[in-house]
Amino acid sequence: MDFNVKKLVKDAGAALSRVVQLTEETLGTSEKTELDAHFEHLAERANATKTWTEKILRNMEAMLTPNPGNRIEDFFYEKIEKKRPSRLSNSEYVGIDMIEAGNDFGPGTPYGTALIKVGHCQQKLGQIERDFIGMAANCYVQPLRKFLDGEMKTISKEMSILESKRLDLDACKRRVRKARSMLGQQSETGVSPEVLLDEAERELRVAQADFDRQAEITKLLLEGVSSSMAGHLRCLHEFVEAQSRHYAQCHATMQELQRELAGLSGASFHPSTLINSTSHEEAGVVEENGQKRARVICDYEARDEEELSVCQDEVIIVREIPGDDDYLLSFRGNKHGRVPKAFVEIISYY
């Protein structure tokens, strides 16, 4: 193997000089070049962004995949770049057992029939859950992980290089000060103090240029964190929308199960007369205002600002529009707009 001896000696000398400079700074016997306040602010914000992103990502992964063993398995498959085998959710496992038990007890018995229906519902809830986990991973978890593994690692690397350049610069400043202090004295090496000073100043100019260039590169990367945070904000909105659809689909699925169980002869379970957890008083207000709850049959994309975009299986509040036989005025949270009647079905109350 061909070693570049000069380069090895130079690198070793630079490393030793940095250690000496850092030691003297720690002891307070040497000055340290400070970065400007704006740079320090950018660096602090980047560090805070990294810290909180790591915490959010860790907790988000734990929320989506509570089982630590499953998270380790996912990490393993990700590292070897292989597709993870399909894994059923806990709800789906419960659903399978309920369906098998219902068939064993007899589909013609009230309890057996109810078990089968609830089992199918649990399987559907499990599939909805898996779809949500996949959507949340794509729209929020993966962008955060990509940010940490990509941009933040690059920033950390450039910050480390900048610190090395800073130590080199301060070491050169120290040598210049030492060379100036020796002017008019006899040099032990036989080289005149003037020559030593000229050489030290030349090295200082090179070190200053390297430091300034590296500081500018690092500053640009730190300023880019703002753009990344704007991207994270968009991803967060997508995650909230996905979670909202997830709960709406789960709610609609449970409403359907309640209706099916209520229609079973001899069923021991009776759904409440309300479709959701609102009180009787709240339900009365809804009816008095002419509002009803409806389930969306299929996705509808709003064509203008007067319409409301809705997703399949979402549960919304609707109200008749006087003189309009084709549209309903629909409400979801603080948003409202028209939705075609053909895209929704009014939920019947028991």
Scan segment 165-191 for residues that are surrounded by 13 or more Cβ atoms within 10 Å (Cβ to Cβ) and not in a helix (DSSP H, G or I) and jot them down. MET182, SER187
Of the candidates LEU162, LEU196, LEU204, the one satisfying the condition of being crowded, with 16+ Cβ neighbours inside 10 Å and within 40 Å of the chain's Cα centre (by Cα) is LEU162
Any idea how many residues of segment 149-183 are at pLDDT 95 or above and in contact with a Lys or Arg (Cβ under 7 Å, 6 or more places away or on another chain)? 1
Here are GLU151, GLU158: which of them is in contact (Cβ under 8 Å) with a residue 60 or more places away in the chain, closer than 24 Å to PHE239 by Cα and in a helix (DSSP H, G or I)? GLU151
Of all residues in segment 132-176, count the ones that are farther than 24 Å from LEU35 by Cβ and in contact with a helix residue (DSSP H, G or I) (Cβ under 8 Å, 6 or more places away or on another chain). 11
Log entry, pairs with first residue in segment 319-331 being at negative phi, second being of a type in the set (Asp, Glu) and surrounded by 10 or more Cβ atoms within 10 Å (Cβ to Cβ), beta carbons closer than 9 Å, six or more apart or on different chains, reads TYR327/GLU307; LEU328/GLU320; LEU329/GLU320; SER330/GLU307
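Table: residues versus (1) surrounded by fewer than 12 Cβ atoms within 10 Å (Cβ to Cβ); (2) within 35 Å of the chain's Cα centre (by Cα); (3) at pLDDT 85 or above; (4) hydrophobic (A, V, I, L, M, F, W, C).
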site	(1), (2), (3), (4)
GLU281	yes, no, no, no
GLN291	no, no, no, no
ILE297	no, yes, yes, yes
ASP304	yes, yes, yes, no
GLU307	no, yes, yes, no
GLU314	no, yes, no, no
GLU320	no, no, yes, no
TYR327	no, no, yes, no
ILE347	no, no, no, yes
Tell me which of these PHE76 doesn't satisfy, since it passes every other one: (1) at pLDDT below 95; (2) surrounded by 12 or more Cβ atoms within 10 Å (Cβ to Cβ). (2)
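The values are calculated or read from the model by the stated rules, or taken from the named source; none is laboratory data. Values in this document were obtained by computation on a predicted structure and should not be read as measured data. Counting neighbours? That spans all protein chains shown, and the Cβs are built from the backbone with ideal geometry, glycine included.
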